Ligand SMILES: [Ca+2]
Ligand SMILES: [Ca+2]
């Protein structure tokens with residue numbers, strides 16, 4: 001590469017850098033427009049995906065996540081990993097779940113043996129453990145999930161990945 005070519009490339013790079021500020025207004029407009037479109041799509045999606053039960057709304061995360069990431073995703077969309085208060089909520093949930101996946105719920109015993117809901121740290125009252133659960137298998141199961149085809153729960157390693165159920169105390 002000749003010295004002249006290098007100089008030309010350098011000059012072009014400098015022009016490019018200098019022009020960034022004049023481009024930024026246009027870029028900003030494009031960015032704003034894209035953001036508006038995305039916000040619109042998100043609202044549309046929210047309307048579709050949240051299911052209503054007794055004035056609370058539920059969202060089923062269709063991808064596999066660790067318990068912690070699932071909780072984070074729920075918080076990001078204005079909810080929390082589901083807190084199952086009673087048998088009727090539990091049975092209704094079962095009817096909503098895909099048959100091919102298990103789902104994280106917002107129940108953990110990070111202090112062993114003392115299961116609490118992550119939403120408000122309340123000690124669990126209503127439970128629907130599957131037979132033999134929670135068994136803290138391998139001494140390493142602190143997070144709870146909901147079986148797909150049953151209305152019962154299990155405990156598993158929080159680092160396992162399952163689908164997830166978010167709850168929110170209001171609907172749109
Ligand atoms: Ca609930
Ligand atoms: Ca278990």
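Please treat every number below as a calculation from the coordinates, not as lab data. Predicted model, so just to flag it, every value in this text is computed and none were measured. Here the Cβ is made from the backbone with ideal geometry for all residues, glycine too, and neighbour counts use every protein chain on show.
Worth pointing out:
- Ascending count of other beta-carbon atoms within 10 Å, so fewest first, for 64, 128, 98: 98, 64, 128
- Sequence ranges 164-172, 113-121, ranked by mean other-Cβ count within 10 angstrom, highest first: 164-172, 113-121
- Residues listed by number, segment 62-100, amide nitrogen under 15 Å from residue 149 label point at 7 Å toward C-beta: 95, 97-100
- In this simple spin-label approximation, residue 120 and residue 161 carry label points 7 Å from Cα along the Cα→Cβ vector, and these lie 3.3 nm apart.
- Volume of the Cα convex hull of segment 53-168, divided per residue and given in Å³: 94 Å³
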